[in-house]
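The next block holds one structure in the form of structure tokens; read it before the comments.
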């Protein structure tokens, strides 16, 4: 007799914009999943949002939920400075964790959390949704197959419009955010580029940053990677444009690839030819789909459909970010 498939019970920790705009609308549409609790230190705010999305339980933290409320997985989308404590609490309670980036403000704390996840035999996954974009995945396949030849250079850019972006709040507080735009957009712009390359070691970093507030509003970094690849990362909150801009460029000896627009050009007998598969959705569609695919991957771990994975690259990612901040602060190249 087949065993009845039970819903995965998810607690959302943090009732801010990421939860309301991105995660809760997706979670409420996923099959075999129940959002069983919404947790936030602002309980009344959480209760209002829970009513909107039909979430049955509200509390400040996991430990305040009634004993009969069971949680299989937790989504952590609280401010950066609270990630480590919330993740630690969930893992110690035997709960799988999907944590919004960054995992922790520094590499040492990230390493401790990953070790704790291994000890607890639970999945700890960092929400790097750019890895799950259709165009990024397609480029990764062309790179892995060798069709672009030897990769020489990768450029990762994420620029957001200055208009409408809050000038205050925890993201502008270095003690709470751990940094500015580099810790906000740069952590994912850097991660997706390194992921495409198979996460090689970063050997040297040169970075510069510019600030109009308490944290950097723009950051630019050049990274020399093991194997001779050069990586450029450019992020800013100060774009004057009609829309945000996010793009990747991969330059190889036999071809090149870009997102925005999505193009894959490789050498053929008749000359360079665009061999990119058709893309029938716009940027917004790619963005939404990437989060759905991210959740699908995380739920495979939770349901035991995939063996648990140790995301040790997140420690090296934070070490690289720390080197970028040191380079900008000291005005010199930093070896890792």
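The values are calculated or read from the model by the stated rules, or taken from the named source; none is laboratory data. It should be emphasised that the depicted structure is a prediction, and the values quoted were computed from it without experimental measurement. Counting neighbours? That spans all protein chains shown, and the Cβs are built from the backbone with ideal geometry, glycine included.
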Restricting attention to region 218-235, which residues are out of contact with any helix residue (DSSP H, G or I) (no Cβ under 6 Å at 6 or more places or on another chain) and surrounded by 13 or more Cβ atoms within 10 Å (Cβ to Cβ)?
218, 220, 222, 223, 224, 225, 229, 230, 232, 234
Could you please let me know if residue 37 is surrounded by 11 or more Cβ atoms within 10 Å (Cβ to Cβ) and assigned to a loop (DSSP other than H, G, I, E, B)?
no
Looking only at region 52-84, and only at residues there that are touching a strand residue (DSSP E or B) at 6+ places or on another chain (Cβ under 9 Å) and assigned to a helix (DSSP H, G or I), the one that is farthest from residue 95 (Cα to Cα)
53
Can you name every one of the strands (runs of 3 or more DSSP E) wholly within region 209-267 that holds 1 or more residues which are over 20 Å from the mean Cα position of the chain (by Cα) and under 23 Å from residue 167 (Cα atoms)?
230-239
Go through 27, 75 for me and flag whichever is over 22 Å from residue 114 (Cβ atoms) and touching a residue at least 60 places away in the same chain (Cβ under 8 Å).
27
Is it the case, given these coordinates, that residue 215 is touching a residue at least 12 places away in the same chain (Cβ under 8 Å) and in contact with a strand residue (DSSP E or B) (Cβ under 7 Å, 6 or more places away or on another chain)?
no
Within region 115-127, the residues that are in contact (Cβ under 8 Å) with a residue 40 or more places away in the chain and either surrounded by fewer than 21 Cβ atoms within 10 Å (Cβ to Cβ) or not in a helix (DSSP H, G or I) (or both) are 118, 121, 122, 123, 124, 125, 126, 127
Restricting the search to region 12-34, which residues are over 17 Å from the mean Cα position of the chain (by Cα) and assigned to a loop (DSSP other than H, G, I, E, B)?
15, 28, 29, 30, 31, 32
Go through region 170-182 and give me each residue that's surrounded by fewer than 24 Cβ atoms within 10 Å (Cβ to Cβ), on the phi < 0 side of the Ramachandran plot and touching a helix residue (DSSP H, G or I) at 6+ places or on another chain (Cβ under 8 Å).
170, 171, 175, 176, 177
Those residues of region 197-209 which are more than 14 Å from residue 318 (Cβ to Cβ) and buried (at least 24 other Cβ atoms within 10 Å of the Cβ) amount to 207
Out of (1) touching a strand residue (DSSP E or B) at 6+ places or on another chain (Cβ under 9 Å); (2) modelled with pLDDT under 95, the one residue 202 does not meet is (2)
Within region 86-109, of all residues that are out of contact with any strand residue (DSSP E or B) (no Cβ under 9 Å at 6 or more places or on another chain) and either part of a loop (DSSP other than H, G, I, E, B) or in contact (Cβ under 8 Å) with a residue 40 or more places away in the chain (or both), the one surrounded by the most Cβ atoms within 10 Å (Cβ to Cβ) is 104
